[in-house]
1. Go through the range 50-67 and count every residue that is more than 16 Å from Pro37 (Cβ to Cβ) and more than 19 Å from the chain's Cα centre (by Cα).
2. Look at Glu44 and say whether it is modelled with pLDDT of 95 or more, of a type outside the set (A, V, I, L, M, F, W, C), part of a strand (DSSP E or B) and touching a strand residue (DSSP E or B) at 6+ places or on another chain (Cβ under 7 Å).
3. Select from the range 237-261 the residues that are assigned to a helix (DSSP H, G or I) and either modelled with pLDDT under 95 or more than 19 Å from Phe159 (Cβ to Cβ) (or both) and list them in ascending order.
4. Please go through the range 92-117 and pick out each residue that is touching a strand residue (DSSP E or B) at 6+ places or on another chain (Cβ under 7 Å), closer than 22 Å to Tyr60 by Cβ and not β-branched (Val, Ile, Thr).
5. If you scan the range 188-229, which residues turn out to be within 19 Å of Pro255 (Cα to Cα), crowded, with 22+ Cβ neighbours inside 10 Å and not small (Gly, Ala, Ser)?
6. Only residues that are under 30 Å from Asp150 (Cβ atoms) and not in a helix (DSSP H, G or I): list them for the range 203-225, please.
7. Could you list all residues from the range 116-159 that are over 19 Å from Thr52 (Cα atoms) and surrounded by fewer than 19 Cβ atoms within 10 Å (Cβ to Cβ)?
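The values are calculated or read from the model by the stated rules, or taken from the named source; none is laboratory data. What you see is a predicted model; the values in this text were computed from it and never measured. When we count neighbours, we look across all protein chains shown, and the Cβ atoms used for this are built from the backbone with ideal geometry, even at glycine.
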Amino acid sequence: MKKIIYCLILFTLVFAVSCKDTPKQDVEDFTHTDEMPPKVKGEEVSYATDSTNLKGYIAYNENMEGKRPAVLIVHEWWGHNDYVRERADMLAELGYTAMAVDMYGDGKLAEHPQDAGKFAGAVFANLPEATARFNAAIELLKKHETVAADQMAAIGYCFGGSVVLTMANSGADLDAVAAFHSGVGLPVMPNDQLKARVLVCNGDADPFIDKNVVATYTKAMDSIGAKYEYISYPDVLHSFTSKSADDNAKKFDLPLAYNAEADAKSWQSLRDLLNEVFK
């Protein structure tokens with residue numbers, strides 16, 4: 001019964017929204033700019049829209065000089081947790097300044113899939129406020145002392161993937177977006193406002209990713225001549241990048257599973273994308 005409830009919630013979400021002041025440099029240049037190894041500093045930050053207080057986390061390499069591209073990271077439907085901060089730290093090690101955002105407000109976290117579904121659904125039910133929260137994070141990140149404000153990308157996981165794809169389709173000024181185990185039946189589908197390069201990495205065995213919806217999405221991307229890559233990993237389930245997926249699968253009787261190979265491959269695809277965009 002728990003699995004059925006979860007599937008109904010997530011399939012509903014998938015159906016409705018679906019779960020630069022210096023010259024650009026190459027990612028390899030970032031990691032070899034200084035002789036010292038990366039020293040990641042993480043900072044908790046507070047920011048807000050007109051109606052919502054938000055809590056984020058910014059990570060960057062203290063041993064790197066000068067301004068650098070920035071990457072916004074949108075959390076899974078569980079909320080802004082340690083996982084999204086770990087991804088921010090990983091991007092900081094590569095030479096980016098990364099910000100894990102808060103799309104729910106006050107750092108709110110879900111303890112149960114039913115709550116997660118409600119939180120995520122509420123965000124997409126009010127797209128203007130969702131856009132305001134996303135843009136508030138971008139504006140904060142642009143002002144960070146380490147950031148080249150005209151070099152910006154955004155990535156997201158599950159719910160967060162749908163967020164970044166939606167924002168890109170809505171015309172957000174982003175160089176690239178990447179979505180992992182993300183639905184692609186979005187409230188704003190691809191159109192001529194899309195400026196960003198796009199990467200989508202999903203599991204082929206993910207029961208929450210409708211192949212018909214994927215076909216509609218890729219057809220829409222092709223129709224506007226978008227620069228994108230859609231990768232589907234054979235026999236891979238939902239939440240394949242998260243090491244907590246197996247525990248959540250057991251706890252809530254859900255079709256989730258971490259997959260180390262797909263995790264590594266999708267991360268490399270992200271690195272390649274950012275390297276190409278910010279070279």
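1. 6
2. yes
3. Asp246, Lys250, Ala260, Glu261
4. Ala92, Glu93, Gly95, Tyr96, Ala98, Met99, Ala100, Asp102, Met103, Gly107
5. Selection gives Cys201, Asn202, Asp206, Phe208, Ile209.
6. Within the range 203-225, Ile224, Gly225 qualify.
7. Passing the criteria: Lys142, Lys143, His144, Glu145, Ala149, Asp150.
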